[in-house]
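Below is one structure, written out as structure tokens; comments come after it.
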Amino acid sequence: MLHILLVDDCYPINTRNQKIINSLKKNYGDKVKLTVVAWDRNNGYTEAQPGYMVYKKTSAYGHKTRKLMNLWGYRQFCRATIQQQRPDVVIASHWNNLLMVPQLDRSRQMLIYENLDVPTESYLVRKASTLLERMEMQRADLTIHASRFFPKLYPASCNQLVLENKPTFQAPKPQPYAPHKPLRIAFIGLLRYRDILGTLIDAVRNDERFELYFHGDGHAKEFLEAHASQAGNVFFTGRYAYNDVARLYEQTDVVWAAYPNKDFNVKYAISNKFHESLTFGIPTVYANETCLGDFVTEHHIGMAVDPYSSEAIKLLLEKIVDHRNELQQLADNMRAFGKSQTSWDEDFRQVTKQIDTFFEK
């Protein structure tokens, strides 16, 4: 039996890692044993789950100093667990979890680096983190990138695949794209980056041609609600279940997915909303001066704007309402492009192929 152990530094583990766990079960069935090492940082782990090894030490999200203070303890926990479990495959999710993995027996143990985000922060911190990442990833037998734009940042000599976070649900039957009046703009997801979302609110505030919806929750919600208190066309619907995503997209005319392009990771990352928007055929706005923004404008499958500029956003929205027929063409382009893309299951088979090849040596 193949024993695969995944290291994540949060609990519950992120949704992408849960998809990876589900796909491993789907591909290997009863021939695989799965273990998850996680860090319960918010006292949310109330009962034992089969296959979970959980480190319990409060380090609230957003408090980096507290996390750093407790990181050594988590590192010791991970290393002791891996040495005790002796798995065949270790998946280190995110570059900092490479540091949690002890030296493995390279003749019989495979190390996979799951590259969710490239090192970011300030210039000096990013350079130091990148150096540490490059040193640690030399131990990896396979690197899995969460964005098609990440490989250009890494040596071509390293063994790497791209596994983007594509939806695993079946695409719904396409509905005719017919924008509403007022035009419905929506942000769907975790409410953060309050400055950018606040700028979006300013761009549409009390403009009767637009309705702006925030579907989701997050630490920026309270600020955004206060910022929009005098705006009669801005609405907050709160947290949603993932199986509601299709409904939220289908009632939206334009999706907002512009993140802070001053962040180094954002320049190269690919948003989940990119794949979701292709699935549902809903025109989406991304940040300019990013690889994704350049990509969607080049292929005519999205729009890009300076997310920090209220004036730039207003100009884009003026263009949209003056040329609504272009939204229909954009939606058609997106659906055609989406059909040409591989699925998560197809991409994941490349991962299992690499694992199988390693143990056939």
Quiz item: For Lys181, which lysines qualify as cross-link partners when the Cα separation must be under 28 Å and same-chain residues fewer than eight apart are set aside?
Solution: Lys173, Lys221, Lys273, Lys314, Lys319
Quiz item: Does region 106-147 come out rounded, prolate or oblate, given a ≥ b ≥ c as the square roots of the eigenvalues of its C-alpha gyration tensor, rounded meaning a/c under 1.5 and, failing that, prolate meaning a/b above b/c?
Solution: oblate
Quiz item: How would you rank 270-279, 25-34, 215-224, 257-266, highest first, on the average number of other Cβ atoms within 10 Å across their residues?
Solution: 270-279, 257-266, 215-224, 25-34
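For region 264-318, just say rounded, prolate or oblate: build the C-alpha gyration tensor, square-root its eigenvalues into a ≥ b ≥ c, call rounded for a/c under 1.5, and beyond that prolate if a/b exceeds b/c, oblate if not.
On the way: a/c = 1.87, a/b = 1.20, b/c = 1.55.
Since a/c reaches 1.5 but b/c is at least a/b, the shape of region 264-318 is classed as oblate.
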Quiz prompt | Residues whose placed amide H lies under 5 Å from that of Leu116, excluding near-sequence neighbours | solution = His94, Trp95
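Give the carbon-plus-sulfur fraction of the accessible surface of the chain in %, rounded to a whole number; probe 1.4 Å, heavy atoms of protein chains only. Can you show the working numbers first?
Numbers: 9020 of 17680 Å².
Whole-percent figure for carbon plus sulfur exposure: 51.
Taking K and R as +1 and D and E as -1, what net charge do the other residues with C-beta under 15 Å from the C-beta of Ala226 add up to? Spell out each step's value before the answer.
Values: positive: Arg194, Arg205, Lys221; negative: Asp195, Asp202, Glu222, Glu225.
For residues surrounding Ala226, the net value is -1.
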Self-check item: Total formal charge among the other residues, if their Cβ is under 11 angstrom from that of Asp253, Lys/Arg +1 and Asp/Glu -1
Solution: +1
Exercise. Once you have the Cα-Cα distance between Gln76 and Lys152, take 0.36 nm times their residue separation minus that, and quote the gain in nm to one decimal.
Key: 24.0 nm
Self-check item: Nitroxide proxy distance, nm - points 7 Å out along Cα→Cβ at Tyr308 and Asp207
Solution: 2.1 nm
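Can you give me the accessible area per residue for the chain, using a 1.4 Å probe, in Å²?
Details: 17680 Å² over 361 residues.
Per residue, the chain has 49 Å² of solvent-accessible surface.
Sort Ser309, Ser93 from largest to smallest accessible area, using a 1.4 Å probe on the heavy atoms of the protein chains.
On the way: Ser309 30, Ser93 0 Å².
Result of the area sort, largest leading: Ser309, Ser93.
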Quiz item: To the nearest 20 debye, what is the magnitude of the charge dipole of region 1-105 about its Cα centre, counting +1 on the Cβ of each Lys and Arg and -1 on the Cβ of each Asp and Glu?
Solution: 240 debye
Quiz item: Is the shape of region 18-138 best called rounded, prolate or oblate, per the rule: a/c under 1.5 gives rounded, else a/b larger than b/c gives prolate, else oblate, with a ≥ b ≥ c the square roots of the Cα gyration tensor eigenvalues?
Solution: oblate
Quiz item: Spin-label point model (7 Å from Cα, Cβ direction): what's the Lys262 to Glu346 distance in nm?
Solution: 4.0 nm
Quiz item: Each label point is 7 Å from the Cα along the Cα-to-Cβ direction; what then is the distance between the points at Asp294 and Val54, in nm?
Solution: 4.4 nm
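The values are calculated or read from the model by the stated rules, or taken from the named source; none is laboratory data. Just so it is clear, the structure is predicted and the values come from calculations on it, not from any experiment. A quick note on method: Cβ atoms are made from the backbone with ideal geometry, for glycine too, and the neighbour counts reach across all protein chains shown. Each accessible area value is taken on the protein alone, full model and side chains, heavy atoms only, with ligands, DNA and RNA left out. Shrake-Rupley method; radii C 1.70, N 1.55, O 1.52, S 1.80 Å.
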